[in-house]
Amino acid sequence: MTEREIVIPGEVVAKGNYLPGEGTEKRGDEIVAIKFGLSEENNKLIKVIPLSGVYQPRRGNIVIGKVENLTFNGWLIDIGTSGNGFLPVAEVPRYVNKNDLAEVMDFGDMVVAQIAEVNKRGVDLTIRSRGLGRLDEGMIIQINPNKVPRVIGKEGSMISLIKDETKCRITVGQNGLIWIEGDKIEDELFAKKAILYVTERSLVSGLTEELKTWFKEQGK
Amino acid sequence: MTKEFKRPDGRKVDELRPMSAKVGVVPNADGSAMFAFGDTIAVAAVYGPKKMHPQHSQDPEKGTLRCTYNMLSFSVTDRIRPGPSRRSTEISKITGWALDPVVMIDNFNSDVVDVHISILQANASTRCAGINAAAMALAHAGIPMKSLVTSVAIGKLDKQLVVDVNKYEEDWEEGEGPTDIPISMTADGKITHIQLDGKIGKEQLKEAVKMAREAHKKIYEVQKAALKEVGK
């Protein structure tokens, strides 16, 4: 099994000496898909990449969210999951006046955060890394979270191409929200157009090359 | 009982109505599908997993599957009064039970997966079309599942068992009276739901289940093809 293949729940993906990865289950000596998506094999490990559905939060993911509420010890942030993300005051790498949390982040502010932990109660966030924190300028667009890997590309090839061509700063949240900031509004809109171009053709192989020619055509 | 039993619409006893299926018919939903047995058309839309609302229905130990079945007022010749009824509440429950054994939402604490089934056009077997559509929509929404669920109604016209009854056959008054048996199964043939409306003997019921098994294979292929089509 080397080809990527679309599988449906209950379908046998492989037989024999394989390991069940994400979206699969072992039944006897068969690896069975439990999700609808693309099956992929890597070093005897079989996983199913979902093609649709809601965003499933995972530890380490970079996400973009909106401040929904302020509590006495942190912020509740809507990151598009069933439970709100919680960003505790202790996870902010600077002094915060506990009586005035709104000074740091207020209702409706957008924030880039990293998922520190996913537990039974919900999602815990942190902004203790470079590039995380409140977003002050730029624009945010929303895409299907399942298409985020295509927008990023292999080792970030797609997104760095878009960044280079449009001269914008872009942060892609795994939950499907993308932040774009450029010097001119035209640059931002151009980057948005490029990202939407990628999401519309997410199933085409060799998309990075195709996007390069698209940029050439647009440059004329 | 003759070998060549003639059904009113000219089908063979084990012949299903022409089926069609399509995935992704409701762009706003997290997953959606349409399934049709001839004139019976069902559309299912899945939302979630999301936080259960109202809060008192939340189950902090596991996720919940909530199904709603609704026949649209124009789905039959005599307009039916819109809104929930005794019948639709029952079918909603039954649909949930038919799908519950396959969905793996045990670790979606306090969450709910909402399945909305609408019958656009009805010509019997609506609950079966609804379950078939819902199974595809759940898969499309990325919900982990052990298998798909297929459903078909077996009917009894006097003493003759037939697959996939239409409205005319469902109301077959001659002989032993109207009998219809909706059966739902997983892909490996485990029954998740069986109902009986009418009368049937023990031996014949076994035969009906056997007939359903054969029909399920055909329906499963249609569901599978529709899901694979959307991934292309």
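The values are calculated or read from the model by the stated rules, or taken from the named source; none is laboratory data. As the structure is a computational prediction, the values presented were derived from the model and not from experiment. Methodologically, a virtual Cβ is constructed for each residue, glycine included, from the backbone with ideal geometry; neighbour enumeration extends over all protein chains shown.
Could you tell me whether A:GLY65 is more than 14 Å from chain B (Cβ to nearest Cβ), under 19 Å from the mean Cα position of the chain (by Cα) and free of Cβ contacts under 8 Å to residues at least 60 places away in the same chain? Before you say what the answer is, go through the steps one by one.
Working: more than 14 Å from chain B (Cβ to nearest Cβ): yes; under 19 Å from the mean Cα position of the chain (by Cα): yes; free of Cβ contacts under 8 Å to residues at least 60 places away in the same chain: no.
Criteria not met by A:GLY65.
Suppose the filter is over 24 Å from B:VAL103 (Cα atoms) and of a type outside the set (Lys, Arg); does B:ILE191 pass it? No: the conditions fail for B:ILE191. Restricting region B:91-124 to residues that are within 14 Å of another protein chain (Cβ to nearest Cβ) and charged (D, E, K, R) leaves a set whose member that is farthest from B:TYR69 (Cα to Cα) is B:ASP106. Are any residues in region B:44-72 β-branched (Val, Ile, Thr) and buried (at least 24 other Cβ atoms within 10 Å of the Cβ), and if so, which ones? The answer is B:VAL46, and nothing else.
On inspection, B:ASP171 does not qualify as touching a strand residue (DSSP E or B) at 6+ places or on another chain (Cβ under 6 Å), surrounded by fewer than 21 Cβ atoms within 10 Å (Cβ to Cβ) and either within 14 Å of chain A (Cβ to nearest Cβ) or free of Cβ contacts under 8 Å to residues at least 40 places away in the same chain (or both). The number of residues in region A:8-30 being more than 23 Å from B:PHE108 (Cα to Cα) and either hydroxyl-bearing (Ser, Thr, Tyr) or touching a Ser or Thr at 6+ places or on another chain (Cβ under 7 Å) (or both) comes to 2. Where the second residue is assigned to a strand (DSSP E or B) and not aromatic (Phe, Trp, Tyr) and the first is within 11 Å of another protein chain (Cβ to nearest Cβ) and lies in region A:117-129, which pairs have Cβ atoms under 8 Å and are six or more apart or on separate chains? Taking only residues 6 or more apart or on different chains, the pairs are A:VAL118/A:ASP124; A:GLY122/A:GLY85. Of the candidates A:VAL148, A:VAL123, A:VAL118, the single residue that is closer than 25 Å to A:ALA90 by Cα, crowded, with 20+ Cβ neighbours inside 10 Å and aliphatic (A, V, I, L, M) is A:VAL123. Counting the residues of region A:87-108 that are among the hydrophobic types (A, V, I, L, M, F, W, C) and in a helix (DSSP H, G or I) gives 4.
Considering region A:1-45, and only residues there that are more than 19 Å from B:LEU227 (Cβ to Cβ) and in contact with a Leu (Cβ under 7 Å, 6 or more places away or on another chain), the residue that is surrounded by the most Cβ atoms within 10 Å (Cβ to Cβ) turns out to be A:GLY21.
Name the strands (runs of 3 or more DSSP E) wholly inside region A:109-218 in which the number of residues that are of a type in the set (Gly, Ala, Ser) is 1 or more.
Details: elements: A:110-118, A:123-126, A:133-135, A:139-142, A:169-172, A:177-181.
Because the criterion is at least 1 residues that are of a type in the set (Gly, Ala, Ser), the strands (runs of 3 or more DSSP E) in region A:109-218 that meet it are A:110-118, A:133-135.
Taken as a whole, the structure places A:ARG201 among residues that are within 14 Å of chain B (Cβ to nearest Cβ) and either among the aromatic types (Phe, Trp, Tyr) or without any contact (Cβ under 8 Å) to a residue 40 or more places away in the chain (or both). Note on region B:103-124: among residues that are out of contact with any Leu (no Cβ under 7 Å at 6 or more places or on another chain) and over 27 Å from A:VAL123 (Cα atoms), the one that is surrounded by the fewest Cβ atoms within 10 Å (Cβ to Cβ) is B:GLN121. Within region B:125-158, being surrounded by 24 or more Cβ atoms within 10 Å (Cβ to Cβ), more than 8 Å from the chain's Cα centre (by Cα) and either assigned to a helix (DSSP H, G or I) or away from chain A (no Cβ under 14 Å) (or both) holds for B:ALA135, B:MET136, B:ALA137, B:LEU138, B:ALA139, B:HIS140, B:ALA153, B:ILE154, B:GLY155, B:LYS156.
The number of residues in region A:170-193 being without any contact (Cβ under 8 Å) to a residue 40 or more places away in the chain and over 16 Å from the mean Cα position of the chain (by Cα) comes to 9.
Are any residues in region A:11-62 hydroxyl-bearing (Ser, Thr, Tyr) and either under 20 Å from the mean Cα position of the chain (by Cα) or in the same structural domain as A:ILE127 (by TED's automatic domain parsing) (or both), and if so, which ones? The answer is A:SER39, A:SER52, A:TYR55. Being among the hydroxyl-bearing types (Ser, Thr, Tyr) and over 17 Å from the mean Cα position of the chain (by Cα) is the filter here; which residues of region B:4-53 pass it? Hit for region B:4-53 is B:TYR47, nothing else. Each residue in region A:46-99 was checked for being surrounded by fewer than 19 Cβ atoms within 10 Å (Cβ to Cβ) and aromatic (Phe, Trp, Tyr), and 2 of them qualify.
Quickly run through region B:174-230 and pick out the residues that are under 16 Å from B:GLY155 (Cβ atoms), part of a loop (DSSP other than H, G, I, E, B) and either within 14 Å of chain A (Cβ to nearest Cβ) or over 16 Å from the mean Cα position of the chain (by Cα) (or both). Matches in region B:174-230: B:GLU174, B:GLY175, B:GLU176, B:GLY177, B:PRO178, B:GLY198, B:LYS199, B:ILE200, B:GLY201.
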